[in-house]
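The values are calculated or read from the model by the stated rules, or taken from the named source; none is laboratory data. Keep in mind that what you see is a predicted model, and the values were worked out from it rather than measured. For neighbour counting, all protein chains shown are included, and Cβ atoms are generated from backbone atoms with ideal geometry for every residue, glycine included. The protein model used for the area step is the full one, side chains on, heavy atoms only, and it has no ligands, DNA or RNA in it. Shrake-Rupley method; radii C 1.70, N 1.55, O 1.52, S 1.80 Å.
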Amino acid sequence: MKKEMQIGITGMTCAACSNRIEKMLNKMDGVSANVNLALENAKVTFDEDQAKPEEVVEKINKLGYGVREKRLDLAISGMTCAACANRIEKGLNRMAGVTSARVNLATETGAVMYQPGIVEPEAIYDKVSKLGYKAVPRKNENADDKNKELAGKRNKLILSVMLSLPLLYTMIGHLPFQTGLPIPMLFMNPWFQLVLAGIVQFYIGWPFYHGATRALMNKSANMDVLVALGTSAAYFYSVVQTFLYQFASLAEPALYFETSSILITLVLLGKYLEARAKRQTTTAITKLMDLQAKEATLIEDGHERKVAVDTVKPGQLLRVKPGEKIPVDGVVVEGNSSVNESMITGESLPVEKTQGDQVIGATLNTNGSLIMRAEKVGKDTALAGIVRIVEEAQGSKAPIQRLADSISGVFVPIVISIAVLVFILWISVVHPGQLTPALVASISVLVISCPCALGLATPTSIMVGTGKGAENGILFKGGEYLETAQSLQAVMLDKTGTITHGKPQVTDIVNYGTIDQEKLLTLVLAAENASEHPLAAAIVAYAREKGINDLPAAGGFQALAGYGITAEVQEHKIAVGTRRLMEREKVAIDHAGDEAKRLESDGKTAMFIAVDGKLAGIIAVADTIKESSEQAIKALKDRGLEVYMITGDNQRTAEAIARKAGIDHVFSEVLPEQKADKVKELQKRGLKVAMIGDGINDAPALAAADIGMAVGTGADVAIEAADITLVGGDLRHIAEALDLSRKTMRNIRQNLFWALFYNSVGIPVAASGLLAPWVAGAAMAFSSVSVVANSLRLKRVRV
């Protein structure tokens, strides 16, 4: 049978690439391909009897090209324990065209990376459905459905309690010690007990049978299997005893109807409390979503009107009155005000805003009226980006979770084997021939064993930890980064814009030669005007302040990273930059050496100015250190970390700034492309390194570090390359991020310890016959609740 598919291909650079791919695919048996370079895709027709989609992908990969991937976020319902999540994850990962799949039990979500054309979303939903669960796009997840589901659990729990109470009352009345409770004859009737327990077993407990059947049909086992086996054994044993009592004159039937009913009731109670507690772990996202303004005041044709914020488009003018939230990201075009950005950046003091300043959606305009132009709306706003990062982080897995996943994958079959072995030992050795004690012991083993606590131990802590970070301006992009941050040993800080404000100012101008200062400034300004470097911006701003506005044209502009700039202005060749640039241009600077050293010793950056191959002057620029930098660096050193500063400045300037900031180790005169090498240099010494930067030229170093932290006020490229984003640029967030990482990982280890300790102690105790089944059921029900409750303690942690 012929099938057709479209495959997106990456890595093609010319027609030769597309021709090569097309030629090699057409050589495959049963495959016909047409590769389009412009669209970067391939239309492939193949015979299912001769070729498979994954073979086509493998061939493209072997040729050195990639197949384009997409991400699909799922909301998954029906999971009851870690074994369910593992089964879905394994099932999706086995699908052709799925490159990776992660399923999170705590958030009831999944993230699937897939190759369009090989597999489509409908097939992924269908796969989850065949495994016995329901998946919908995460964006279609309805909060009302969640509320209805929780209400349904509550109502079933109430009914189960009402039906189980008469059975529990009867059991208490029959305890060996004298309780003195009057027991109605109706409660003593086996048939009455059978009806009550039957409703609990088959109506309220039906989801356990349904889940167990699904699991067994898919050749796996989960918590539902344990509950269904344990309660069914107690219930059907009691049914047999009832029939023997009624029809075979059995004098005293041994009934355990209360055991099956109370077990189901306690499991339901545990699941209900767990569901309520899990909802609290996602409050960070809810709080972030609530920050968004609901309405905006649109200015159109001179008239103002209220519109829904999701209808605002880029380029539209908006009025923001005092006390209103900034509706979207944009730029101020008119007015002055103070804006409280603490909800996004964590900065407590309001920030002054005037014409040309950027404003962030969801921040609060405090005292003036502003007219702004919308630039980023909807999913492109800073707030939407923060929410997206937090959602992805909460759905990710930390490496420590592999332990729990590997154990939960084999947990249920092992427990069933232990229960069978316990039954055999009791009925053949401990109490030979006696069915009741053997049954009680094996049921207790089945119901006390809880894979849920193990499955929830890591994701619930990750959810709360990443949410807590987001509330404090620290965005972890995934659980793996939250785990790695705890073990950092060295921190490398970029100077400009990270330790300093990144807004340098001109402090000194020294003339050499015959060109007067105003003429020299005019030439330098014309040359630097095309540069985007912060030092160039400082020179341009200074010249403007001095009233120099009429600029001659500049040609032949060249920006040389780590050196400076060259240009031609009014037939003069201008060079502005470092000693290295002067050496390159063969400009003698020896006679200016002492003056440059004096400026650099004060922490200023001295730039040499050459006109037509001769030194014409020095211009010195200083960048002030952020108020928080010294405190942040001290906090890092107090935590035992080595702190390094990396900069392109010369050694004398760099050491002066490092001294003021309290930094002992300095990498100076480092070219942008060498920053990643310096990170690797520290890693070769066996150090776990964090790199903190804010610029485009920091991106390679951020990617090379064990943890890359981007300052949130910096370039989008740096933020994209980073593992952690520090919103607002306060370096004190670095120590707070490390503290949060350590506290979260300690919380995870506590959860894993108690989950493993609980099962390793509970199973032997149950096997020894020291626990009644309903006590074992209560312990199982509350084990997962205790893990979630322990994770929620992170919400009270101070960072």
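The table that follows gives values for the structure above.
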quantity	calculated
Carbon plus sulfur fraction of accessible area for the range 21-75, probe 1.4 Å, in percent	40
Coordinate range along principal axes, alpha carbons of the range 645-799, Å, largest first	76, 32, 28
Where labels lie 7 Å past Cα in the beta-carbon direction, separation of Thr10 and Glu352 in nm	4.6
Cα lying deepest toward the dipole's positive end in the range 2-120, options Thr80, Asn41, Val119, charges on Cβ	Asn41
Estimated distance in nm for a label pair at Arg746 and Asp664, the labels positioned 7 Å out from Cα along Cα-to-Cβ	2.5
222 nm mean residue ellipticity, helices alone, for the chain (DSSP H n ≥ 4; -39,500 (n - 2.57); rounded to 500)	-15000 deg cm²/dmol
Listed residues Gln246, Val320, Ser261: farthest to the positive end of the dipole of the range 204-345 (Cβ charges)	Gln246
Potential extension, Asn511-Asp29 segment - 0.36 nm per residue separation minus Cα distance	165.8 nm
Accessible-area composition of the range 432-478, carbon plus sulfur, in percent [1.4 Å probe]	56
Gyration tensor verdict on the chain (Cα atoms; rounded if a/c is under 1.5, prolate if a/b is larger than b/c, oblate otherwise)	prolate
Percentage, to the nearest whole number, of Cα pairs in the range 380-499 over 21 Å apart	61
Surface share of carbon and sulfur [accessible, 1.4 angstrom probe, percent] for the range 642-799	55
Whole-number percent relative contact order across the chain, with pairs defined as alpha carbons under 8 Å at least 6 apart	12
Where the chain is the region considered: accessible area per residue in Å², 1.4 Å probe	45
Ranked by how many other beta carbons lie within 10 Å on average, peptides 361-372, 262-273 from highest	262-273, 361-372
Lysines whose Cα lies under 22 Å from that of Lys795, excluding same-chain neighbours fewer than 8 positions away	Lys271, Lys278, Lys287, Lys397, Lys468, Lys477, Lys743
Full-stretch length increase - Ala561, Glu532 - with 0.36 nm per residue and alpha-carbon distance subtracted	9.3 nm
Residues in the range 467-502 that a label on Arg793 would reach, taking backbone N under 20 Å of a point 7 Å out along Cα→Cβ	467-469, 483, 486
Chain lengthening between Phe247 and His431 when straightened (0.36 nm per residue, less Cα-Cα)	63.5 nm
In sequence order, calculated HN-Hα J values of the range 667-675 (Karplus, 6.51, -1.76, 1.60; Hz; x Gly/Pro)	10, 10, 6, 9, 6, x, 6, 8, 4
Theoretical FRET efficiency, 1/(1+(r/R0)^6), r = Cβ-Cβ of Leu317 and Leu39, R0 30 Å, to 0.05	0.20
The chain - charge dipole about Cα centre, Lys and Arg +1 at Cβ, Asp and Glu -1, debye rounded to 20	2480
Centroid-to-centroid separation of the range 469-496 and the range 499-572 [C-alpha atoms, Å]	37
Distance in nm between pseudo-label sites at Phe202 and Ala553 (7 Å out along the Cβ direction from Cα)	9.4
Estimated translational D of the range 540-656 in µm²/s (Stokes, Kirkwood radius over Cα pairs; 20 °C; 1.002 mPa s)	131
Relative packing of peptides 298-305, 670-677 - highest average C-beta neighbours within 10 Å first	670-677, 298-305
Relative contact order (percent, whole number), the range 202-279, Cα cutoff 8 Å, 6+ residue spacing	23
Folded to 0 to 90 degrees: helix 257-280 orientation relative to the chain principal axis, Cα	10
